[in-house]
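What follows is a set of notes on a single structure, which appears directly below.
The values are calculated or read from the model by the stated rules, or taken from the named source; none is laboratory data. Here the structure is a predicted model, which is why all the values come from computation and not from measurement. Positions of Cβ are backbone-derived with ideal geometry, glycine not excepted, and every protein chain shown enters the neighbour counts.
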Amino acid sequence: MTASLLLLIAGLAGSALCAGTETGYYALNPLKLRVRAASSRLAALLLRLTRPPHAFLTMLLIGNNVANYLTVSAGVALLAAWTVPQPELIATLVLTPVTFLLGEVGPKQFVLHNPLGILLRVTPLLVVQRVLLAPLTFLIGVLGKLLAREDAEAIAGRRHLAALLLEGGRAGHGEAPVLQAALRALESEGRGLGPFLRTDLPLLYAGMPLSDARVALARTSDTLALLERRGRLPGLLLGTRLVHEAPTVPLEPLAVDLPLLSPELDLADALAQLRAEGVSFALVGTEQAWDGVLDLEHALSLLLRPEIRSAHV
């Protein structure tokens, strides 16, 4: 009886660990983790543990199922020892709400208040779980790649992430506005990039003297402008690149080439493409006509505006 009770407690604890870690992983700010990993061995271990993400999440899924199985089995054994009639049915009826509250909802809400801090505390337990479940995780990962279609997997992952972001955005903790912004980026599917474009950047001509360009950039709020180039798409001029140049230097070599994105792209896809190219700006349109500039900082400011936040809550 004591062994069954201990297994029951262990099963609930394992379910809470896996469910809370999964939500904490999605709510975690990856930049914070990378910065902490530079000075903390525990953070560096957590960073390695979550690579690759699909293996880490598969491990959590397997661990959660194993924990739930242990919980039910231990509950049945415990009720049978107490000679309770129909122990399987009673255990299912009693443990389902208990597992839901203590092993799912409660841990998820708890982790959302401090994702990084809590994940760091449970990292040693996650390492043990990763080692114990490594063979099964590898096998299921291989089978998943063979059986799952890539597009279906992407759709499922997108919906899962959206659900977690929505849950986190309602939690009211410090990072909730950021989670809501990420959710709205996912919800922009089908809207295109038009609502997020900047059309306020001045367009300078290539033959303009450098001193005049500096004056024009000084009049803008963020010292950014586009430079018209014959036979080519406009380039981006940044005020910081013009400060130390001699007055006789032509403007065109100082302009930054921008990637060209289709205006029909979803914001989430555009952000992923810019991240892959390591840039923060892009022209949106076609080779013949461009509609505006996608500025990551500008898009984020739109997603975080209080009036937009209140409209989505």
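Assessment of the stretch 61-83 against the conditions (free of Cβ contacts under 8 Å to residues at least 12 places away in the same chain, in contact with a helix residue (DSSP H, G or I) (Cβ under 6 Å, 6 or more places away or on another chain) and in the same structural domain as L6 (by TED's automatic domain parsing)) yields at least one matching residue.
Scan the stretch 1-40 for residues that are closer than 15 Å to L119 by Cβ and either more than 23 Å from the chain's Cα centre (by Cα) or part of a loop (DSSP other than H, G, I, E, B) (or both) and report the count. So that I can check it myself, show each step before the final result.
Taking the stretch 1-40 as the starting set, the residues that turn out to be closer than 15 Å to L119 by Cβ are 16-37, 40.
From what is left, the residues that are either more than 23 Å from the chain's Cα centre (by Cα) or part of a loop (DSSP other than H, G, I, E, B) (or both) are 28-29, 40.
The number of residues fulfilling the criteria is 3.
Screening A276, A282, A246 for residues that are within 18 Å of H298 (Cα to Cα) and among the small types (G, A, S) leaves exactly one candidate, A282.
Scanning the stretch 214-233 for residues that are within 21 Å of P259 (Cβ to Cβ) and among the aliphatic types (A, V, I, L, M) turns up L224, A225, L226, L227, L233.
Report, by residue number, each residue of the stretch 41-59 that is more than 15 Å from the chain's Cα centre (by Cα) and free of Cβ contacts under 8 Å to residues at least 60 places away in the same chain. The answer is R41, A44, R48.
For the stretch 215-240, the tally of residues that are over 38 Å from the mean Cα position of the chain (by Cα) and touching a residue at least 12 places away in the same chain (Cβ under 8 Å) stands at 1.
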